[in-house]
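Structure first, commentary second.
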2 protein chains.
Amino acid sequence: MTAGAKPRYQQLKDLIIRRISSGDLGPQDRVPSENELVESMNVSRMTANRAMRELTDEGYVQRVAGRGTFVADFRARSHVLEVHNIADEIERRGHAHTSEVLQQSRQHARGEIARALHIEQGVDVFHLLLVHFENGVPIQLEDRHVLAEFAPNCLEQDFRHITPSAYLTAISPLQEAEQVVRAAVPNAAVRQRLQMADNEPGLAVIRRTWSRGRPVTFARLHHPGSRYELTGHYTPPGTPKSTTDNVVELEKLQA
Amino acid sequence: MTAGAKPRYQQLKDLIIRRISSGDLGPQDRVPSENELVESMNVSRMTANRAMRELTDEGYVQRVAGRGTFVADFRARSHVLEVHNIADEIERRGHAHTSEVLQQSRQHARGEIARALHIEQGVDVFHLLLVHFENGVPIQLEDRHVLAEFAPNCLEQDFRHITPSAYLTAISPLQEAEQVVRAAVPNAAVRQRLQMADNEPGLAVIRRTWSRGRPVTFARLHHPGSRYELTGHYTPPGTPKSTTDNVVELEKLQA
DNA sequence: TGGTCTAGCCTGTATATACAACTTGGCGGG
DNA sequence: CCCGCCAAGTTGTATATACAGGCTAGACCA
């Protein structure tokens, strides 16, 4: 294994990513300009330019000619995080989002939760249980566990006004996510919270999210099958001209 | 609206993408080298390099130092297309995939199908109806319509040996996709084909796919909720070190 | 015949330089 | 006081040049 030195543009990228991930640079903060990097890092401007350009493509920073380079707002970064926040999704449809907090407590992780978060049995986690409403109709039951060490102020938040996922992304950029989607009839307690009929199928999304290299939250999102559907739209990067608004179109089609 | 000329590296990218999309360049074909582009397109090598490098990042081509640049195999290009092919998914689990073709016929598009494919009523489409089995157990009912003009040889294919999605991606790269996932109890005919119990929830994926700028196929994929789940794994591009194999891990966790 | 070595092509990276376009802040004139 | 203009800083693009390293085909030698 000859590791070999990484190219310098990659070293620059890693440096900036580390500063963002560590919280040294927060959203909207100014990133050193290309000329500043030329001086401090002893590289040519083209090398700095390549590093920053790639970070832009990857969604880490935003650049404005004439102004500078700024750390991007991570909520807008990828499909994952867009879909992540049900409040945004509802408001994008022009509807009203409200939520009810059923539980917000500190617990000791056990069994499945401990395994999912890669922690020992008994380590502190926060347990959040919320119902999200779209125009007053229940649309998601969010059953979430959060690593306590990751979000120390979790109990003081008012999750009626900021969703857990918005709160979590504000703490630190989420770097990796995985999810499983399945259809099943949820148990009676879930059905009751979501005002579902007996035998009504539900759509469940089980999602685990990483930040700074470790899993920080594990969520089970239950939806009534009759009132909710997951939509996705995929465009390969760099397409010459892309047709937009296809999703809206398909939604109409299916309605 | 001052359109303004596109930058030259973008013109180069568009040119190559057009040649790939039009079929002029097929998978594994050799793309002109940077020096050839320098001569024929009258640009500097760095500009050609940037264009080809970005096409590499976007998955259009693969480059090997010392050999050249080649059109990428589109099956490996994006999440969408990976998930697209159920046979690959099953084989990746180490299981046996078989399928039964229930229908393979030419029809005239009507109603929803015509609207989904952006064509007039009565235009020719192919209708495919298949059941996919994993180790002999039915796991997906594929109800697909394909624009006849796009895939003229569709009726001669043996879809027991090549799945429709593999066939379609072989014809032309799929450029855009959108999907809706929902949970519902399918109708009796579908339940019977998938050997589902009455009232058993099903997971339905309705997917529409674009190629060369127009929708070419519209598929309804029904799965038994008790035997199938959708998995996804999202890593932001360019992460310094990414932990892999998380999906496998979560699958175990949920089993 | 079979093995080795090298010349030539290819990509990957790094630098220096140049010009264009955009943004902001400050200066000066009305 | 306000408006307009200009200078400085910043990003975006383009070019020329250079060197390193991978790959291959063909020459060359045993």
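The values are calculated or read from the model by the stated rules, or taken from the named source; none is laboratory data. Please read these numbers as outputs of a predicted model, since none were measured by experiment. Don't worry about glycine lacking a Cβ; one is built from the backbone with ideal geometry, like all the others, and counts go over all protein chains shown. Just the protein is used for accessible areas: all its heavy atoms, side chains included, with ligands, DNA and RNA removed. Shrake-Rupley method; radii C 1.70, N 1.55, O 1.52, S 1.80 Å.
The table for this structure:
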{"item": "In the protein assembly as shown, lysine pairs closer than 17 Å at Cα, eight or more apart or cross-chain", "result": "4"}
{"item": "Rounded percent of accessible protein surface that carbon and sulfur make up, chain B, 1.4 Å probe", "result": "49 percent"}
{"item": "Label point distance in nm, residue B:14-residue A:14, each placed 7 Å from Cα along Cα→Cβ", "result": "3.8 nm"}
{"item": "Distant-in-sequence amide H partners of residue A:211 (H built 1.01 Å from N, under 5 Å)", "result": "A:175, A:216"}
{"item": "Region B:76-224, relative contact order in percent, only Cα pairs under 8 angstrom and at least six apart counted", "result": "23 percent"}
{"item": "Label-point separation, residue A:149 to residue A:107 (7 Å along Cα→Cβ), nm", "result": "2.0 nm"}
{"item": "Accessible surface, the protein assembly as shown, averaged per residue in Å² (probe 1.4 Å)", "result": "48 Å²"}
{"item": "Region A:18-24 - phi-based ³J(HN,Hα) in whole Hz, Karplus 6.51/-1.76/1.60, Gly and Pro as x", "result": "4, 5, 6, 4, 7, x, 4"}
{"item": "Efficiency of FRET between residue A:226 and residue A:161 - r from beta-carbon atoms, R0 25 angstrom, step 0.05", "result": "0.30"}
{"item": "Region B:8-72, relative contact order [Cα under 8 Å, separation at least 6], %", "result": "40 percent"}
{"item": "Integer Hz, Karplus 6.51/-1.76/1.60 couplings in order for region A:210-225, x for Gly and Pro", "result": "9, 8, 6, x, 9, x, 10, 8, 9, 10, 10, 10, 9, 10, x, x"}
{"item": "Residue-span extension gain [residue B:57 to residue B:121] - 0.36 nm each, minus C-alpha spacing", "result": "19.0 nm"}
{"item": "Spin-label model distance (nm) - residue A:70 vs residue B:33, 7 Å beyond Cα toward Cβ", "result": "4.6 nm"}
{"item": "Long-range HN-HN contacts of residue A:33 with modeled amide H, under 5 Å", "result": "none"}
{"item": "Long-range amide H partners of residue A:61 with built H, under 5 Å", "result": "A:56, A:72"}
{"item": "Extension gain (nm, one decimal) between residue A:44 and residue A:92, 0.36 nm per residue minus Cα-Cα", "result": "13.0 nm"}
{"item": "Backbone HN-Hα couplings from phi across region A:188-194 [Karplus 6.51/-1.76/1.60, Hz, Gly and Pro as x]", "result": "4, 4, 5, 4, 5, 4, 9"}
{"item": "Accessible area that becomes buried as A packs against B, both chains, 1.4 Å probe, Å², nearest 100", "result": "4900 Å²"}
{"item": "Chain A - percent relative contact order, Cα under 8 Å, separation 6 or more", "result": "13 percent"}
{"item": "Total formal charge among the other residues, if their Cβ is under 12 angstrom from that of residue B:164, Lys/Arg +1 and Asp/Glu -1", "result": "0"}
{"item": "Dipole of region A:8-72, positive end: most advanced residue of A:17, A:66, A:55 [Cβ charges, Cα centre]", "result": "A:66"}
